[in-house]
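The values are calculated or read from the model by the stated rules, or taken from the named source; none is laboratory data. In this text, all values refer to a predicted model and were calculated from it rather than measured experimentally. All Cβ positions, even for glycine, are placed from backbone atoms using ideal geometry, and neighbour counts span all protein chains on display.
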Amino acid sequence: MKSLAVFSVKGGVGKSALAVNLAHAAATLSARRTLLWDLDTQGAATFTLRLAAAAGSARKGIAEGDLAPLVQASDYPRLDVLAADKSLRHLEKQLVEDDKAKRLKKLIKGFDKDYDRVILDCPPGLTELAEQVFRAVDLLVVPMLPSPLSVRAYDQLVEHLARFRGAPAVLPVFTMVDRRKTLHRDTVAASPERLTIPYAAAVETMAATQTPVLAAAPTSAAGKALAALWAQVERGLTTG
């Protein structure tokens, strides 16, 4: 089993949309038994997959170390979800108080026999939860806007991770790319090796349709870009 986290220091970069589509791709394009763990109190990934958690269950399951009963099947074969709820807003305090730096890693390892891929949708920010994520996963997928501030935040994250022993590999990706904008074109051109996800109606309407782009519009520009991103992620997880 391999794990990855979709993580960004900054919010508003399309993080949850990316997590949902990567999970869908893992389950459908690669036929992997996939668990999407929504750790963001806003629960955008949970909502997009038409699921909901019982109130208070998300944090309680983490505290008790028993998450298996909380796993829900999605509408898509091989894709299950650990749903988020508002109780996760207290998770930071819990993680600080219990002083167990590898709690998250242990919980992920508990799914080793049931899943091939575990994908975390993480809240933004360099928090205690983020520190645990860095210790737990094999790969960080880092979405960023094609702007100087987002690039700077990414560089700061890489610098922060350099202090971690056994830090995960990092895969940056530009999101919401609008090539009509000079700033976007110039920022992308400065890092041509990075994959890009275009600004697209197919991505924007995910919350309204509650359907991943790769299910609703797989041949769209956004769908093809997301499939290409997953192929790169899968190569990294398989050979890493």
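When Gln94, Gln72 are checked against the criterion of being of a type in the set (S, T, N, Q) and closer than 29 Å to Ser30 by Cα, Gln72 stands alone in meeting it. Within segment 196-205, the residues that satisfy the criterion of being of a type outside the set (Val, Ile, Thr) and either in a loop (DSSP other than H, G, I, E, B) or at pLDDT below 95 (or both) are Tyr199, Ala200, Ala201, Ala202, Glu204. Of the residues making up segment 1-51, those that are crowded, with 21+ Cβ neighbours inside 10 Å, closer than 18 Å to Ala215 by Cα and either at pLDDT below 95 or hydrophobic (A, V, I, L, M, F, W, C) (or both) number 15.
Here segment 53-79 is the region considered, the condition is being touching a residue at least 40 places away in the same chain (Cβ under 8 Å), in contact with a strand residue (DSSP E or B) (Cβ under 7 Å, 6 or more places away or on another chain) and among the hydrophobic types (A, V, I, L, M, F, W, C), and the residue that is nearest to Asp112 (Cα to Cα) is Leu67.
Among the residues making up segment 196-235, those that are in contact with a strand residue (DSSP E or B) (Cβ under 8 Å, 6 or more places away or on another chain) and surrounded by fewer than 18 Cβ atoms within 10 Å (Cβ to Cβ) are Ala221, Ala228, Gln232.
It is to be established whether one or more residues within segment 189-204 are of a type in the set (D, E, K, R) and closer than 16 Å to Gly14 by Cβ. Yes, there is a match, as at least one residue in segment 189-204 is of a type in the set (D, E, K, R) and closer than 16 Å to Gly14 by Cβ.
Picking from residues in segment 158-175 that are modelled with pLDDT of 90 or more, among the aliphatic types (A, V, I, L, M) and touching a helix residue (DSSP H, G or I) at 6+ places or on another chain (Cβ under 9 Å), the one that is surrounded by the most Cβ atoms within 10 Å (Cβ to Cβ) is Val173. Check whether at least one residue in segment 44-52 is more than 30 Å from Pro172 (Cβ to Cβ) and free of Cβ contacts under 8 Å to residues at least 24 places away in the same chain, and report yes or no. There is no residue in segment 44-52 that is more than 30 Å from Pro172 (Cβ to Cβ) and free of Cβ contacts under 8 Å to residues at least 24 places away in the same chain.
Here the condition is being assigned to a helix (DSSP H, G or I), touching a residue at least 12 places away in the same chain (Cβ under 8 Å) and out of contact with any strand residue (DSSP E or B) (no Cβ under 7 Å at 6 or more places or on another chain); of Ala17, Ala31, it holds for Ala17 alone. Residue count for segment 48-78, restricted to those that are under 20 Å from Lys15 (Cβ atoms), assigned to a helix (DSSP H, G or I) and out of contact with any helix residue (DSSP H, G or I) (no Cβ under 7 Å at 6 or more places or on another chain): 0.
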